[in-house]
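To keep things clear, I will list the structure first and then write my remarks on it.
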Amino acid sequence: MDKIIPGPSQSLLLALLADARLPTGAHTQSAGLEPALRAGLPPAAVPGYIAARLRTVTVVEAATAVVARHVAATSGSAVTGADLDAVEAAWAARTPSAALRASSRQLGRGYLRLLRRLWPDQERIPRSWRPSRPVALGVLAARAGLDAEHTARLVGYDDAQTIAAATLKLEPVDPAVATGWVLSAQSLIEELVTAVSGLTAPQQIPACAAPLVEQWAEDHARTTERLFSA
């Protein structure tokens, strides 16, 4: 059984960890939307972009977070133990783009900072540890008491709302329209939750390719004039 640490309700934790004001929030990155628009994606196609990510990149991230959460909740080992290293390696093997990996590890630092500040009574995390975003999020979810389903739902929702929020900064879109995109993605997010919430081992993490997203990320990493880091 997972050792869930008692704390705030699942709904409150989900709202807290999806807040755009966090160090990992939508103000820091666009989930690849900025380079996609630069490459010619029309704003009207953003809902399709959200759907495509939810079926590819986000599935990998959600599955990785769920597995990392399970390992952190059950192993009792330090967060840099071999089991979590295996989760990190599995995620990296399924993320071909070096730019995506670098961006994810930058966001991972933000999640670890949040963990240290909000749950300081948990075990100390070495400052030298540089996990990816989903691995760091999985550890945070375990320490905060978020279950597997809400962890997966958080990853799916955060990806959709990050893209919607970034659109408002990059294109003249009505905020009500952008909010509608996130609402329309609900069924895909729930499909993602169903698909990954039962995973417990690194080898179960799916491999879902997104070549265009990966190429756009590589192009963006070489761009000097940009609003978002990724």
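The values are calculated or read from the model by the stated rules, or taken from the named source; none is laboratory data. Keep in mind that this is a model prediction, so the values were computed, not measured. Because the Cβ atoms are built from the backbone with ideal geometry, glycine has one as well, and the counts that use them run over all protein chains shown. Protein only, heavy atoms only, side chains kept; ligands, DNA and RNA dropped before computing areas. Shrake-Rupley method; radii C 1.70, N 1.55, O 1.52, S 1.80 Å.
Residue count for the stretch 195-216 satisfying the condition of being among the β-branched types (Val, Ile, Thr) and without any contact (Cβ under 8 Å) to a residue 24 or more places away in the chain: 0.
Quick grid of which residues meet (1) in contact with a Cys (Cβ under 6 Å, 6 or more places away or on another chain); (2) under 12 Å from ALA72 (Cα atoms); (3) touching a residue at least 60 places away in the same chain (Cβ under 8 Å):
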position	(1), (2), (3)
PRO126	no, no, no
TRP129	no, no, no
VAL135	no, yes, yes
ALA144	no, yes, yes
THR151	no, no, yes
LEU154	no, no, yes
TYR157	no, no, yes
GLN161	no, no, yes
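Number of residues in the stretch 85-102 that are buried (at least 22 other Cβ atoms within 10 Å of the Cβ), at pLDDT 90 or above and part of a helix (DSSP H, G or I) equals 4. Within the set ARG133, ARG143, the sole residue that is touching a Phe, Trp or Tyr at 6+ places or on another chain (Cβ under 8 Å), farther than 20 Å from THR95 by Cα and surrounded by 19 or more Cβ atoms within 10 Å (Cβ to Cβ) turns out to be ARG143. Screening VAL79 against (1) within 24 Å of GLY145 (Cβ to Cβ); (2) at pLDDT 85 or above leaves a single unmet condition, (2).
Residues of the stretch 193-221 being more than 19 Å from GLN29 (Cα to Cα), in a helix (DSSP H, G or I) and open to solvent by 60 Å² or more (accessible area, probe 1.4 Å), which ones? Within the stretch 193-221, THR194, ALA195, GLN203, GLN204, PRO211 qualify.
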